[in-house]
1. Count neighbours as other Cβ atoms within 10 Å of each site's Cβ, and list the GluC sites (Glu not before Pro) in the range 1-40 that are DSSP loop with at most 15 such neighbours.
2. With a 1.4 Å probe and all protein chains in place, put Val20, Val13 in order of accessible area, largest first.
3. Give me the dipole magnitude in Debye, nearest 20, for the chain about the Cα centre, with unit charges on the beta carbon: positive for Lys and Arg, negative for Asp and Glu.
4. For the range 25-36, what does the Karplus curve 6.51 cos²θ - 1.76 cosθ + 1.60, with θ = phi - 60°, yield as ³J(HN,Hα) per residue in whole Hz, taken in order and with x for Gly and Pro?
5. Subtracting the Cα-Cα distance from 0.36 nm times the residue separation, let me have the gained length for Arg44 to Ile23 in nm, one decimal.
6. Against the longest alpha carbon principal axis of the chain, how many degrees, from 0 to 90 and to the nearest 10, is the axis of helix 42-72 turned?
Amino acid sequence: MTVAISILSAGVVTFVVMIVSLIFVHRLLRWVEEYSGVENLTPRLYLAWILLGAALFCGLFIGTRSLLESLFGN
């Protein structure tokens, strides 16, 4: 039961954070491409964004599972 709750809570928090951060990433991309002249940066930045989202999910899942197990036992 704690694993299911951990996956659900980590998924919801990660989804909300990723949606909010997508706005920031999109604005950052426009700024970097406009002012720096670097081309073809979009795929790399989105890949970094996706990998950071995956790391956030894993961290939240492990932390939530550990917290729930310490509070309620196995």
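1. Sites meeting the loop and neighbour criteria: Glu39.
2. So, going from the largest accessible area down, we get Val20, Val13.
3. With only Lys, Arg, Asp and Glu charged at Cβ, the dipole is about 100 debye.
4. My calculation for the range 25-36 gives 5, 5, 5, 4, 4, 4, 5, 5, 5, 6, 9, 9 Hz in order.
5. Here the segment from Arg44 to Ile23 would lengthen by 5.9 nm.
6. The answer is roughly 10 degrees.
The values are calculated or read from the model by the stated rules, or taken from the named source; none is laboratory data. Quantities reported herein were computed from a predicted structural model and do not represent experimental measurements. Here the Cβ is made from the backbone with ideal geometry for all residues, glycine too, and neighbour counts use every protein chain on show. SASA here: full protein model, heavy atoms, side chains in, ligands and nucleic acids out. Shrake-Rupley method; radii C 1.70, N 1.55, O 1.52, S 1.80 Å.
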